[in-house]
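One structure below.
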Amino acid sequence: MAATSSAPAGARAEAPVPAKAPVPAKPGRPRDTTADDRILRAVVDELSDHGVAGFRINNVAARAKVAKRTLYSRWTERDELILAGLNTLALDLVPPRTGSLVGDLDALYDDIADALDSPRWLIAARCSFELPNYPDLYARFQRDCIDKPLAVVEDVLRDARSRGELRPGIDCSVAAETFTGSIAGFSSHIARLRGVSAYGVRGHFLDMFLQGLHDDAGE
């Protein structure tokens with residue numbers, strides 16, 4: 001025998017009451033978006049004052065006005081923090097892509113000379129003398145702060161080779177080292193004591209360098 005409904009004839013069935021959504025938890029303290037910049041500036045200041053050997057995490061935290069746990073939540077190791085600071089001092093080169101070797105080297109020369117003329121670069125130069133005592137850190141520094149800028153110059157030279165602007169036999173790696181190393185030498189403290197500057201020798205150096213690179217047939 002079928003069960004009879006207790007609801008009156010013609011009455012609508014009541015819709016189920018939806019469950020209440022859970023109340024979201026109160027958000028925690030928002031992440032300090034300025035902390036990274038403060039920390040990296042503090043790292044550079046600490047390296048400037050004490051170098052790699054005297055670098056102290058506690059000093060960086062105090063300079064940046066952050067807790068040590070804030071540091072470690074971003075950089076878990078001392079070497080990572082040092083390298084992050086050094087990366088802010090590195091040459092940030094971009095291939096000019098002017099379409100000619102002369103135009104590309106003109107632009108790169110100025111970018112490198114401007115960077116090396118900055119007092120901040122002297123901090124990186126000072127640290128570079130200490131870094132061989134820290135082989136793992138030095139290898140990463142060389143990869144990020146030396147090899148990457150050199151690779152940009154090499155790319156420019158390879159592009160010039162594909163356009164037929166380099167004479168046969170040019171080693172792009174050696175040429176890139178010569179180009180950047182020469183500008184660094186002109187920008188050194190000893191050069192300045194002798195009255196030499198990267199800006200002062202710019203035209204003469206570029207003329208000689210390009211003369212050594214150019215395909216004789218294209219001149």
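A few notes on this one:
- Under a 5 Å amide H cut-off, with hydrogens placed 1.01 Å from N, His214 pairs with Arg167 among residues at least 5 apart or on other chains.
- The GluC sites (Glu not before Pro) of the range 46-82 meeting both criteria, a DSSP state outside H, G, I, E and B (loop) and at most 12 other C-beta atoms within 10 angstrom of the site's C-beta, are Glu77.
- Distance distribution P(r), the range 62-219, all Cα-Cα pairs, bin width 10 angstrom from 0: 9, 34, 30, 18, 7, 2, 0 percent.
- Under 15 Å, Cβ to Cβ, from Asp79 - net charge with Lys/Arg +1 and Asp/Glu -1: -1
- Dividing the mean sequence gap of close Cα pairs (under 8 Å, 6+ apart) by how many residues the range 110-194 holds gives a relative contact order of 34 percent.
- Per DSSP, loop trypsin sites (Lys or Arg not before Pro) in the range 122-219 with at most 11 further Cβ within 10 Å: Arg194
- Carbon + sulfur, % of accessible area of the range 133-219 - ligands and nucleic acids excluded, 1.4 Å: 53
- Counted charge near His189, where neighbours are those whose Cβ lies closer than 14 Å (Asp, Glu -1; Lys, Arg +1): +2
- Å² per residue, accessible surface of the range 80-219 at 1.4 Å: 52
- Taking θ as phi - 60° and the Karplus parameters 6.51, -1.76 and 1.60, the scalar couplings of the range 87-93 work out to 4, 6, 9, 6, 5, 9, 8 Hz in sequence order, x denoting glycine and proline.
- The residues neighbouring Val156, those whose beta-carbon lies less than 14 Å from its own, together hold a net charge of -4 under the Lys/Arg +1, Asp/Glu -1 convention.
- Phi angles across the range 141-150 convert, under the Karplus curve 6.51 cos²θ - 1.76 cosθ + 1.60 with θ = phi - 60°, into 3J(HN,Hα) values of 4, 5, 5, 8, 9, 10, 5, 5, x, 4 Hz, Gly and Pro given as x.
- In order along the range 193-210, phi translates into HN-Hα couplings of 4, 8, x, 9, 9, 4, 6, x, 9, 3, x, 5, 5, 4, 4, 5, 5, 5 Hz, rounded to whole numbers, per the Karplus curve 6.51 cos²θ - 1.76 cosθ + 1.60 with θ = phi - 60° and x for Gly and Pro.
The values are calculated or read from the model by the stated rules, or taken from the named source; none is laboratory data. Because the structure is predicted, anything quoted here is derived from the model rather than measured. Neighbour counts are summed over all protein chains in view; Cβ atoms, including those assigned to glycine, are modelled from backbone coordinates with ideal geometry. These accessible areas exclude ligands, DNA and RNA; they are computed on the full protein's heavy atoms, side chains included. Shrake-Rupley method; radii C 1.70, N 1.55, O 1.52, S 1.80 Å.
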